[in-house]
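Student: This is the structure, below, for whatever I ask next.
No lab work stands behind these numbers, since they all come straight from the coordinates. On a predicted model such as this, the values are computed, not experimentally measured, just so you know. Cβ: placed from backbone, ideal geometry, glycine included. Neighbour counts: every protein chain shown.
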Amino acid sequence: MFVLTVIAFTALLLSPASTAKPKEFKTMTVSYAPDKALVINEGDSQMFRAPMCKGQYLDKWSFVAKVYMMNVPWDSAEVGDDSWLHIKISNGPEMTKIVRDNARDAGKNDPQPLTKAFTYNKATWGSDDIYIQITASQGNPTFQYGLELIGTTPRDDLSIPDGMDGVETVSANQAQIRNCGIEVLEQIANPLTSKLVAEQTGQYLIPFCFEDQFDQRTLTVSTMVPESLNKKPGGVASFFCTTPMMKNGICWRSTVTNRGATFYDPSGAKVNSVTPTVVKDEYGAVYLLVLAQGDYQETVEFTITTKLRNPPKDTLKLTGKFVNHTAISLYSPRYFKQTDIKPREKQTNEDQNDTNEQVD
């Protein structure tokens with residue numbers, strides 16, 4: 001059995017297709033979310049940060065922040081006790097430059113559980129990351145909710161306003177962040193579905209932001225093939241590359257297999273996964289090379305997904321030095337009571353005219 005496995009694997013690497021360039025190149029879109037569902041008390045605020053690595057790979061991408069509430073229905077009407085979440089987006093933790101605000105952007109209408117889309121432009125953003133503040137209304141004692149910041153690659157047929165165009169500047173005492181801790185959002189590569197003919201390969205860029213406070217990060221990249229109606233066999237092999245492993249812009253199989261077993265899965269199964277560890281010296285964009293395996297000239301459909309999870313909150317650096325201050329400031333959200341939150345006021349016509357138009 002072992003001999004057969006070695007022979008099959010050798011054939012996989014030495015086949016003519018192993019030296020052919022990928023048939024397609026795509027970039028996976030990313031979104032950001034907390035590592036768990038959230039709970040917030042009425043009048044409290046929570047802060048979040050989406051790592052952007054100075055827009056190295058996400059420059060000119062557009063973003064929308066969305067929330068959902070699990071224990072009560074969304075009710076932002078001004079009549080009666082309202083139950084809704086106030087979403088603010090800024091370019092810094094001080095929250096003094098408000099890029100998007102679901103209450104402000106609604107004008108005279110009721111706030112919705114999402115913001116208007118905006119473009120992250122590293123040339124104008126004025127800092128690095130995207131910061132989100134969530135404040136609960138006082139219509140319910142507690143709210144169970146979820147949060148997501150959804151990224152979209154630039155499109156020639158769609159113009160999304162620069163986030164810093166028409167930004168609202170507020171003073172520090174108006175920002176009302178006080179000593180609110182900031183939780184780092186986890187990064188998700190949204191599922192990407194594609195098709196390749198058997199023996200063809202595709203190369204897929206995963207634009208994660210690896211931050212330097214950790215010496216290494218481990219992730220799982222999964223590729224799944226749906227069951228065919230005729231039950232024919234077919235699957236994929238996958239090969240993971242960091243940027244330094246690339247040669248002339250290509251993730252070559254031979255380079256990956258020399259790296260170690262966690263960087264590739266040659267099984268050809270319908271569920272395929274790799275679990276590489278990326279060290280700090282190789283932080284940057286990562287790539288997945290997918291090889292379609294199935295009947296001769298048959299098309300194989302597959303879906304790729306992965307997630308860069310936050311390390312545990314009590315993580316020790318690999319150097320053995322405890323980074324307690326980092327763990328607290330970056331990963332332990334703290335809540336504070338907003339004693340000075342006032343009911344939402346109606347905007348004037350002038351305010352409405354200053355509000356940017358919603359972009360579909």
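Student: Along the principal axes of its C-alpha atoms, what lengths does the stretch 226-305 span, in descending order and rounded to whole Å?
Tutor: 47, 23, 19
Student: Apply the Karplus parameterisation 6.51 cos²θ - 1.76 cosθ + 1.60, with θ equal to phi minus 60°, to every residue of the stretch 185-199 and state each ³J(HN,Hα) to the nearest whole Hz, in sequence, with x for glycine and proline.
Tutor: Rounded to whole hertz, the list is 6, 6, 9, 10, 7, 4, x, 10, 10, 8, 9, 9, 7, 3, 6.
Student: Still on this structure, please answer the following. Would you pull out the residues with amide H under 5 Å of residue 170's amide H, same chain only if 5 or more places away, H placed 1.01 Å from N?
Tutor: 97, 98
Student: Taking one equal scatterer on every alpha-carbon of the stretch 15-103, how large is log10 of I(q)/I(0) by Debye at q = 0.14, 0.16, 0.20 1/Å?
Tutor: Here the Debye-derived log intensity ratios amount to -0.71, -0.86, -1.19.
Student: Amide H to amide H, which residues 5 or more places from residue 219 or on other chains are under 5 Å from it, using H placed in the peptide plane?
Tutor: Those lying under 5 Å, H to H, from residue 219 are 278.
Student: While we're on this one: For residue 162, which sequence-distant residues (separation of 5 or more, or a different chain) have an amide H within less than 5 Å of its own amide H, given hydrogens modelled in the peptide plane?
Tutor: Under 5 Å from the amide H of residue 162 lie the amide H atoms of 119, each far enough along the sequence or on another chain.
Student: Apply the Karplus curve 6.51 cos²θ - 1.76 cosθ + 1.60, θ = phi - 60°, to the phi angles in the stretch 104-110 and return the couplings in whole Hz, x for Gly and Pro.
Tutor: 5, 5, 6, x, 7, 8, 6
Student: In the stretch 129-210, what is the volume of the convex hull around the alpha carbon atoms, normalised per residue and reported in Å³?
Tutor: That works out to 213 Å³ per residue.
Student: For residue 25, put the label point 7 Å out on the Cα→Cβ axis and report which residues of the stretch 279-313 keep their amide N under 16 Å from it.
Tutor: 285-290
Student: Would you mind ranking 35, 295 so that the residue whose beta carbon has the fewest other beta carbons within 10 Å leads the list?
Tutor: Exposure proxy ranking, most exposed first: 295, 35.
Student: Can you give me the distance in nm between label points at residue 243 and residue 144, each placed 7 Å from the Cα along the Cα-to-Cβ direction?
Tutor: Each label point lies 7 Å from its Cα, and together they span 4.1 nm.
Student: Still on this structure: Which distance in nm do the two modelled labels at residue 71 and residue 267 give, with both placed 7 Å along the Cα-to-Cβ direction?
Tutor: Using points 7 Å along Cα→Cβ, the separation is 4.0 nm.
Student: Quote to one decimal, in nm, the extra length available between residue 193 and residue 213 on full extension: 0.36 nm per residue of separation minus the C-alpha distance between them.
Tutor: 3.9 nm
Student: Evaluated at 37 °C with a viscosity of 0.692 mPa s, what Stokes-Einstein diffusion coefficient in µm²/s does the stretch 163-227 have when Rh comes from the Kirkwood expression over alpha-carbon pairs?
Tutor: 187 µm²/s
Student: Take the alpha carbon atoms of the stretch 73-223, find their radius of gyration, then divide it by 2.2 N^0.38 Å using N residues; give the quotient.
Tutor: 1.28
Student: Taking the alpha-carbon set of the stretch 104-177, what are its Rg and Dmax in Å?
Tutor: 15.0, 45
Student: Here's something else I'd like to know. Could I get the Rg over Rh figure for the stretch 53-118? Both from C-alpha atoms, Rh via Kirkwood, rounded to two places.
Tutor: Dividing the radius of gyration by the Kirkwood radius yields 1.04.
Student: Then there is this: Can you pick out the pairs among 36/195; 60/195; 54/97; 270/307 whose Cα atoms lie more than 24 Å from each other?
Tutor: Too far apart for the 24 Å limit: 36/195; 60/195.
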